[in-house]
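S.K.: I have a structure I would like to understand better, so I am pasting it below and will then ask my questions one at a time.
The values are calculated or read from the model by the stated rules, or taken from the named source; none is laboratory data. None of these values were measured; they are calculated from a predicted model. Please note: Cβ atoms are built from the backbone with ideal geometry, for glycine as well, and neighbour counts cover all protein chains shown. Please note that ligands, DNA and RNA were not included when accessible areas were found on the heavy atoms of the full protein model with its side chains. Shrake-Rupley method; radii C 1.70, N 1.55, O 1.52, S 1.80 Å.
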Amino acid sequence: SLLLVSTPIITYTVSENLRLLVGRELSSLERFLLAALAKLVATIATYPYVLVKSRMQKTRAAAAPSSADSSSWGTTVAALWAPFAETRDATLAIYSAEGLRGFYHGLQAK
């Protein structure tokens, strides 16, 4: 979760470094475009972690017992939650099933 907080830090750092790299006063449009590029860099850097985290949460939610059938809850947890017990397990599962592109699945909607 510390990585999620770092997204604005990455955005600001990249934006300021790009501004310094240009070395002159920027117009409003240029500032906007540099900020958009900085946000793109930050999103690309942090999105894989966000994806892994959301997949783990989705798996956990699917493993929660329903009020209608709580007797099979243990089986559901073993079948769905066990492979994603740790971030490393979820990361390896996503990479094995979808490859490197799998870590950016859904990015176009963001």
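S.K.: Within the range 6-21, can you find the residues that are open to solvent by less than 90 Å² (accessible area, probe 1.4 Å) and either under 19 Å from the mean Cα position of the chain (by Cα) or of a type outside the set (Lys, Arg) (or both)?
M.R.: Matches in the range 6-21: SER6, THR7, PRO8, ILE10, THR11, THR13, VAL14, SER15, GLU16, LEU18.
S.K.: Give the residue, chosen from SER66, SER70, SER54, that is modelled with pLDDT under 95 and within 21 Å of the chain's Cα centre (by Cα).
M.R.: Of the residues listed, the single one that is modelled with pLDDT under 95 and within 21 Å of the chain's Cα centre (by Cα) is SER54.
S.K.: Which residues, counting only those in the range 73-105, are in contact with a helix residue (DSSP H, G or I) (Cβ under 7 Å, 6 or more places away or on another chain) and at pLDDT 70 or above? Full working, then the answer.
M.R.: Within the range 73-105, the first condition is being in contact with a helix residue (DSSP H, G or I) (Cβ under 7 Å, 6 or more places away or on another chain), and the residues that meet it are 76-77, 80-81, 83-84, 87, 89-91, 93-95, 102-105.
Scanning the range 73-105 gives THR87, ASP89, ALA90, THR91, ALA93, ILE94, TYR95, GLY102, PHE103, TYR104, HIS105.
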